[in-house]
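Note sheet for the following structure.
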Amino acid sequence: MNAIDIRKDFPILDQKVNGKDLIYFDTSATSQTPAKVIDAMNDYYREYNSNVHRGVHTLGTKATDGYEQARMKVKNFINAKRYEEIVFTRGTTAAINLVARSFGDMIVGEGDEIVVTEMEHHANIVPWQQLARRTGAELVFIPMEADGTLKPESVEAVISERTKIVAITHVSNVLGTINDIRAIAETAHRNGAYISVDGAQAVPHMSVDVQDLDVDFYAFSGHKMLGPTGIGVLYGKSGLLDKMEPIEYGGDMIDFVDLRESTWTDLPVKFEAGTPMIAEAIGLSAAIDYITEIGPDAILDHEQELVNYAYARMSEVEGIEIYGPKERAGLITFNMEDVHPHDLATALDTEGIAVRAGHHCAQPLMKWLDVSSTARASFYVYNTKEEIDGFIESLKRTKEFFSYEF
Amino acid sequence: MNFNNLDQLYRSVIMDHYKNPRNKGVIEDGTLTVDMNNPTCGDRIRLTLNVVDDVVEDVKFEGEGCSISMASASMMTEAITGQKLEKALSMGDEFSNMMLGEDYDITDDMGDIEALAGVNQFPARIKCATLTWKALEKGVRESASE
């Protein structure tokens, strides 16, 4: 793949910020959107905007086709067995909440254990905390090694017959740690537990096969994979989704409605009450086409090249501390000695460089790292080594600026 | 290097307050304690005040945050010491006006707080500068309702 050519597909990247060429290193927060995705959503609103699963007119049929084709595309993209296993949600957060509410309340009881880690995003901690509170279950953490990885022995030691659900991220949005989901799923199942995976930072960047991983639930978001905000996916094994109760009720998700009681329609629409995110699903569909055309393996290779290069060059800058393991996904979380990350991010922004600064929705992990906040640079298909060079020069200037005796 | 904009933001008086904070610490037997966080960025501040007959006799701060939030806290403690609570709160209003780019009335007896005027050119950082003033307002409001 050629990032220089790819960049031409992203109108937003062709601009100056504070007088400098934009360097967008904040994909882990949200990715940019190629013209093909924007056009697909535009076409929908200009040519066939209509509600889905209702009525018989031509536009409605076209909209329904677009929406359901998007579901089929997601199914193929993550290699789910059946298209009924793909539920569209508002995002990863909504997908995880659906699992915790519906499946969690069904199978977790007092004295049971829910296993998580300290590297989770708030979206994969808080719903489980609340489930534990509702049911009287206990939240148990798999301990991390000093480099922010999980040792197989630690996984084995924590998951037990008391475990009902293991809720874990595939890729850490702070450390870049890539967890061995297949092995953890095997351990969970051997102990009679289920596994629910936060895949928000994985699906955009590498090939994910839910059957091969043998996960029970897997959640991810459109806006981190070149698609629009407002749409995400919950994959669930159909045997489990079948048994689960909806957590939202209303139009579309019903079978028969009587004055005092109703029945639910089949999967997956049972979990999609109300008018769904039609334009967003069509946009996500176009994003999957775009990623498929480049190839998830080529994307992973490109990001690995960038992150290894950035890691080596950042290590040259004195006073930079990098968090997480050497082997990592395409992001680097770091701090600069004596410069608060917000001040660092402001300085970089004056040179057109967008990085994230803060706690990255991972306060327990910040505590574990013993820092109040950090800065993060994250990479994707449209980033280049030249941008990393520019970033390094800016880091050096920032260091010089703040070491000046004011 | 072209950090001219940055020079406007990080003026030397601000960096001086950041590196040599005034009134840092906790008043053990203070009459008023208030904690405030900025949950989006992780900054946190604790103010302790000793208020006698509606006058701020003494105030200290501690916390974690960027240079702007910590310098602003340091400057505020100097500005409001010895002032009536009402006056301290009105300074906060004027400070907010300054942050919003509106007309403001900040006088020399308010110490260095006007040095933060440049922050209004950096919209993402305004909440850093106002955190300490918001904490003060919250503390005074809560103590008044007790």
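Looking at this structure, is A:Glu293 within 25 Å of A:Glu145 (Cα to Cα) and of a type in the set (Asp, Glu)?
no
Looking only at the range A:330-349, how many residues end up being closer than 17 Å to A:Tyr24 by Cβ, in contact with a Ser or Thr (Cβ under 9 Å, 6 or more places away or on another chain) and not in a strand (DSSP E or B)?
So the count comes out to 4.
Could you grab me the full set of residues in the range A:87-97 that are touching a Gly at 6+ places or on another chain (Cβ under 9 Å) and crowded, with 19+ Cβ neighbours inside 10 Å?
Across the range A:87-97, the qualifying residues are A:Val87, A:Phe88, A:Thr89, A:Gly91, A:Thr92, A:Thr93, A:Ala94, A:Ala95.
Does B:Ser143 satisfy the criteria of being of a type in the set (Gly, Ala, Ser), under 13 Å from the mean Cα position of the chain (by Cα) and in a helix (DSSP H, G or I)?
So B:Ser143 fails the test.
B:Val56 - would you say it is of a type in the set (A, V, I, L, M) and more than 30 Å from A:His359 (Cβ to Cβ)?
yes
Could you list, ordered by first residue, the pairs with Cβ atoms under 8 Å in which the first is in the range A:346-372 and closer than 23 Å to A:Phe391 by Cβ and assigned by TED's automatic domain parsing to the domain that holds A:Gly330 and the second is acidic (Asp, Glu) and part of a loop (DSSP other than H, G, I, E, B), at least 6 apart or interchain?
A:Ala362/A:Glu120
With the checklist (1) farther than 23 Å from B:Phe122 by Cα; (2) in contact with a Ser or Thr (Cβ under 7 Å, 6 or more places away or on another chain) in hand, flag the one item B:Met15 doesn't pass.
Failing condition for B:Met15: (1).
Restricting attention to the range A:318-330, does a residue exist that is among the acidic types (Asp, Glu), in contact (Cβ under 8 Å) with a residue 40 or more places away in the chain, in contact with a strand residue (DSSP E or B) (Cβ under 9 Å, 6 or more places away or on another chain) and not assigned by TED's automatic domain parsing to the domain that holds A:Ile195?
Among the residues of the range A:318-330, at least one is among the acidic types (Asp, Glu), in contact (Cβ under 8 Å) with a residue 40 or more places away in the chain, in contact with a strand residue (DSSP E or B) (Cβ under 9 Å, 6 or more places away or on another chain) and not assigned by TED's automatic domain parsing to the domain that holds A:Ile195, which makes the answer yes.
For A:Gly176, all conditions in the list (1) closer than 30 Å to A:Glu293 by Cα; (2) touching a Phe, Trp or Tyr at 6+ places or on another chain (Cβ under 7 Å); (3) not charged (D, E, K, R) hold save one; what is the number of the exception?
Looking at each condition in turn, A:Gly176 falls short on (2).
Give me the residue from the range A:363-406 that is under 29 Å from the mean Cα position of the chain (by Cα) and of a type in the set (Gly, Ala, Ser) and, out of that set, nearest to A:Asp14 (Cα to Cα).
Checking each candidate, the answer is A:Gly390.
Please go through the range B:116-140 and give me each residue that is in contact (Cβ under 8 Å) with a residue 60 or more places away in the chain, in contact with a helix residue (DSSP H, G or I) (Cβ under 7 Å, 6 or more places away or on another chain) and in a helix (DSSP H, G or I), ordered by number.
B:Leu116, B:Gly118, B:Val119, B:Gln121, B:Arg125, B:Cys128, B:Ala129, B:Leu131, B:Thr132, B:Trp133, B:Leu136, B:Val140
How about the range B:1-108: which strands (runs of 3 or more DSSP E) wholly inside it have at least 3 residues that are within 14 Å of another protein chain (Cβ to nearest Cβ) and surrounded by 17 or more Cβ atoms within 10 Å (Cβ to Cβ)?
By residue number, B:43-52.
Give the number of residues within the range A:17-70 that are assigned to a helix (DSSP H, G or I), over 27 Å from A:Phe220 (Cα atoms) and charged (D, E, K, R).
Residues flagged as assigned to a helix (DSSP H, G or I), over 27 Å from A:Phe220 (Cα atoms) and charged (D, E, K, R) within the range A:17-70 amount to 2.
Would you call A:Gly352 buried (at least 16 other Cβ atoms within 10 Å of the Cβ), under 30 Å from B:Met70 (Cα atoms) and within 13 Å of chain B (Cβ to nearest Cβ)?
Criteria met by A:Gly352.
Working carefully through the options A:Ala281, A:Ala219, A:Ala286, find the one that is touching a strand residue (DSSP E or B) at 6+ places or on another chain (Cβ under 7 Å) and part of a helix (DSSP H, G or I).
A:Ala281
Taking interchain pairs and intrachain pairs at least six residues apart, which have beta carbon atoms under 8 angstrom, with the first residue in the range A:130-156 and touching a residue at least 24 places away in the same chain (Cβ under 8 Å) and the second part of a helix (DSSP H, G or I) and charged (D, E, K, R)?
Between residues of the range A:130-156 that are touching a residue at least 24 places away in the same chain (Cβ under 8 Å) and residues that are part of a helix (DSSP H, G or I) and charged (D, E, K, R), the close pairs are A:Leu131/A:Arg101; A:Leu131/A:Asp105; A:Arg134/A:Asp105; A:Thr135/A:Asp105.
Is it fair to say A:Val99 is closer than 12 Å to A:Trp128 by Cβ, over 16 Å from the mean Cα position of the chain (by Cα) and modelled with pLDDT of 95 or more?
Here the answer is no, as A:Val99 does not meet what is asked.
Please find, within the range A:374-406, the residue that is nearest to the other protein chains (Cβ to nearest Cβ) out of those that are of a type in the set (S, T, N, Q) and surrounded by fewer than 23 Cβ atoms within 10 Å (Cβ to Cβ).
A:Ser403
Tally the residues that are of a type in the set (S, T, N, Q) and in contact (Cβ under 8 Å) with a residue 40 or more places away in the chain, restricting the search to the range B:41-69.
So the answer is 2.
Which ranges mark the strands (runs of 3 or more DSSP E) fully within the range A:108-182 that have 1 or more residues being among the hydroxyl-bearing types (Ser, Thr, Tyr)?
A:113-117, A:163-169
Restricting the search to the range A:262-305, which residues are surrounded by fewer than 23 Cβ atoms within 10 Å (Cβ to Cβ) and over 30 Å from A:Asp252 (Cβ atoms)?
A:Glu293, A:Ile294, A:Gly295, A:Pro296, A:Asp297, A:Ala298, A:Ile299, A:Leu300, A:Asp301, A:Gln304, A:Glu305
The values are calculated or read from the model by the stated rules, or taken from the named source; none is laboratory data. From a predicted model like this one, the values you see are computed outputs, not experimental measurements. Methodologically, a virtual Cβ is constructed for each residue, glycine included, from the backbone with ideal geometry; neighbour enumeration extends over all protein chains shown.
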